[in-house]
Amino acid sequence: MAGKMQPKKTIVSKKNPMPAQDPCQRSKNFDEVALGYQEDTVIAEAKRCLDCKNAPCRQGCPVEVDIPAFIKLAAQGDFGGAIQKIKETNAMPAICGRVCPQESQCEKFCTLGKKHEPVAIGRIERFCADWELASGGLAQKVAPPTGKKVAIVGSGPAGLTCAADLAKAGHKVTVFEALHVAGGVLMYGIPEFRLPKQVVQAEVENLKKLGVEIKVNAVVGKFTTVDELLNGAGFNAVFIGTGAGLPYFMKIPGENACGVYSANEFLTRTNLMKAYRYPENDTPIRVGKKVAVLGGGNVAMDSARTALRLGAEESWIVYRRSANELPARHEEVEHAAEEGVKFAFLTSPTRIIYDDNYWVTGMECLRYELGEPDSSGRRSPVPIPGTEFVMDVDTVVVAIGQGPNPLVPRTTSGLNVNKKGNIVAEPATGATSKPGVYAGGDIVTGAATVILAMGAGRTAAKAMQSYLSPGDQSR
Amino acid sequence: MYRIIKKEVLAPTLSLIEIQAPLVAGKAKAGQFIILRVEEGGERIPLTIADFDREKGTITCVFQEVGKTTKQLGTLEEGDGIEDFVGPLGLPTHIKDYGSVVCVGGGVGVAPIYPIARAMKEAGNEVIGIIGARNKEILFWEDRMRAACTELRVATDDGSYGRHGFVTDLLKEAIEEKKGLGLCIAIGPLPMMRAVTNLTREYGLKTMVSLNSIMVDGTGMCGCCRVTVGGETKFACVDGPEFDGHLVDFEEMARRSVIYKPMEQLALERYLNEPEHKCCCGRGGGK
């Protein structure tokens, strides 16, 4: 392997460490955990890239960022060039650099990673994006107006990406957001300590500079419908990116007791409403001394870490499989453990116990063991009869997943949905069963990642561009 | 900003505001609600729609000042703005010709029952209105209700106006007088709605109640407003706010509605102790 490389290249086996807040300190504040590289470290990290010819990293990126090219520019200290390269295919790198699961995407395929640690592609991306935000944002090219109007329903990662691409192509884009601020899950779901809201709003501001109009407090399915947008309101096409806005519960007794939250509620109160600033901010949240978070994904990790920051003495991840099956990003699991989150693996609750005032006082659980692999390829959890025990907790956060919010599908005529309620859309185009209506992100796939939603927004934007301007081959 | 174009103080801690929100007004129907946020940093609170004017593009809400947010809302005057205002949310009342319908409004619940009574009468029903309050001073909209209903009966707890007694007393009489009522709709404080459902259950009279659960987003995303109805978990924001009162677990609902009571009390005290909390724009508060 070393023989193929230019002789002057010396291999640096390990990634440059990401500076981070001390775990003891950070578990008590909501400031960003990962502090970001400095200019010298980012150049050093970029120089670790072998610049291999086949660039396998690119195939791991859902939006096919030209990774070798931007890393080369970063290695030369040309961060403006690097960010421009990234932005050719990724509209929101400051976000992706922070929340993408790089270990299962670009970095998974890195040639260097076969024998050593892969290049820290995400960290370099983040540095370049932050560099751009700090310098006020680069001018972005917008095509002359086409006279076509596009409505984007939902301002999460899918909607914002789709909006950016279509606005750049010269279409008049209006984004409808149900909440009082744009960003969707980036604002209400992902915590401040992982993705500062200022970063999200900076990306939203960039979008406005492209001429995108954002209407907040606008619930499509209520004040208007997709049908009306297409017919009365004169939109030529609609993209639906309404996300996974329907929390699943365990359907076990006691789940409506006081002190049981869906992860969506727990995180929305904290992130969107800034309950951690209560009473300066008005929205309260109640976190007891011992918190159990049910689930093993990123949302569960976010909830468990949030609980500690809100003052819980103990915060437990209760997961019915083992550590190997945790679906969360490695880094999030590590960060959670460093901060003192505890893990109860092979454990799942059977009922929530509450007192006369309906407040949670405990949670009865069963032990599990791993059986045969299930349809997801992971070994399925099998309960062990007779192993009931009571976990002493006073707060329970249910983070076992979210389904598609039905408001838009239910009010749109001719829109096919599957059994789970997800909108059926062609993977290659995002086209739905309704002409002129496209969809992407969690509303189509079920709860997934930010970058996959962005990829879907981009894919749909391309197809919508052809739909809106059939003769235009410029893109 | 959503402008308050009219304000009426109905009683010392009871106000009506009419808000310019044409997109909400264009679609609002009886039984639905809105969510508002007074200012940046404020909480999102749901208020049931008391009236709407599609031509003027306005929504009317009546609220009682109980916590910090409603107290703050009470300081706003005509011309002031509200930061956020979203709706119409929830499912509208199922309006159809039931023959005869009894609409019961207790306390501030008189406001949301009004458009329902009006719509029921327009749909061809005989509408018996029953409204009540603790005393004469906080009883409002008798005139509007009288116009909206076929007949109206009024009670006050202390006997200072109308019948001395509770709305349930008047309801019992109405049920016994008017055999064959098709539906009862009751909106008011939880104990009142509970009492109404206990009464109508005896008579087998189907009763819808409007649940004012604690909410955050109001679009089914957070699940904060969940309530057990007929043994199943429902979200008041998207499956309601109206449910069959005979199936609602009122005990659970009551417990869940006071989850944040100690914190709300703290916020209120803090607000009332702020020297500048009543600045002319109504947006003061230590920012």
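No lab work stands behind these numbers, since they all come straight from the coordinates. Remember, it's a predicted structure, so these values are computed and weren't measured experimentally. Neighbour counts are summed over all protein chains in view; Cβ atoms, including those assigned to glycine, are modelled from backbone coordinates with ideal geometry.
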Ratio of the Cα radius of gyration of segment B:27-178 to 2.2 N^0.38 Å, where N counts its residues: 1.11
Paramagnetic reach from A:Glu88 (point 7 Å along Cα→Cβ, amide N under 14 Å) across segment A:19-61: A:58
Fraction of antiparallel bridges per DSSP, segment A:249-400 only, in percent to nearest 5: 45
10 Å Cβ neighbours from other chains, averaged over peptide B:211-220: 5
In nm, spacing of pseudo-spin labels at A:Arg351 and A:Asn418 (7 Å Cα→C-beta vector): 3.5
Neighbour cut-off at most 14 other Cβ (10 Å), DSSP loop, GluC sites (Glu not before Pro), segment A:76-125: A:Glu88
Average projection area in nm² (convex hull over Cα atoms of chain B, one quarter of hull surface): 14.4
A:Thr429, A:Thr445 arranged by Cβ crowding within 10 Å, fewest neighbours leading: A:Thr429, A:Thr445
For segment A:102-208, average projected area of the Cα convex hull in nm²: 8.5
Relative exposure of B:Leu268, A:Leu267, B:Leu91, judged by other C-beta atoms within 10 Å (fewest first): B:Leu91, B:Leu268, A:Leu267
Two-site FRET efficiency, B:Glu122 against A:Lys53, from Cβ-Cβ distance with R₀ of 60 Å, rounded to 0.05: 0.20
Segment A:23-134: C-alpha gyration tensor shape, a/c 1.5 cut-off, then a/b vs b/c: prolate
Inter-part distance where segment A:361-414 and segment B:1-63 are each reduced to a Cα centre, Å: 40
Structure-based [θ]222 nm, chain B - -39500 (n - 2.57) summed over DSSP H runs of at least 4, per residue, nearest 500: -8000 deg cm²/dmol
Stokes-Einstein translational diffusion, segment A:169-306 - Kirkwood Rh over all Cα pairs, 0.890 mPa s, 25 °C, in µm²/s: 143
Ratio of Rg to Rh over the protein assembly as shown (Cα coordinates, Kirkwood Rh, two decimals): 1.00
Per-pair calculated FRET efficiency, R0 = 41 Å: A:Arg277 and B:Leu247 via Cβ, rounded to 0.05: 0.60
Share, in percent, of DSSP beta bridges within the protein assembly as shown that are antiparallel, nearest 5: 50
Förster radius 22 Å - calculated FRET efficiency between A:Asn231 and B:Lys29 (Cβ-Cβ, nearest 0.05): 0.60
Value at 222 nm in deg cm²/dmol, rounded to 500, when DSSP H runs of n ≥ 4 in chain A each add -39,500 (n - 2.57): -8500 deg cm²/dmol
Shielding by other protein chains, A:244-256, mean Cβ within 10 Å: 3
q = 0.11, 0.16, 0.19 Å⁻¹: log10 I(q)/I(0) that the Debye formula gives for segment B:100-257, counting C-alpha atoms only: -0.41, -0.86, -1.15
Burial order of peptide ranges A:446-457, A:353-364 (average beta-carbon count within 10 Å, highest first): A:446-457, A:353-364
Anchor A:Lys208: lysines whose Cα lies under 19 Å away (excluding residues fewer than 8 positions away in-chain): A:Lys87, A:Lys141, A:Lys148, A:Lys149, A:Lys168, A:Lys172, A:Lys197
Neighbour-count ranking [beta-carbon atoms within 10 angstrom, fewest first] of A:His180, A:His116, B:His164, A:His171: B:His164, A:His116, A:His180, A:His171
Set of lysines near A:Lys15 by C-alpha distance (under 22 Å), chain-local residues within fewer than 8 positions excluded: A:Lys4, A:Lys47, A:Lys53, A:Lys72, A:Lys108, A:Lys114, A:Lys115
10 Å binning of all Cα-Cα separations within segment A:275-430, expressed as whole percents from 0 upward: 10, 30, 30, 21, 8, 0
Partner chain coverage, peptide A:281-288 - average Cβ within 10 angstrom: 6
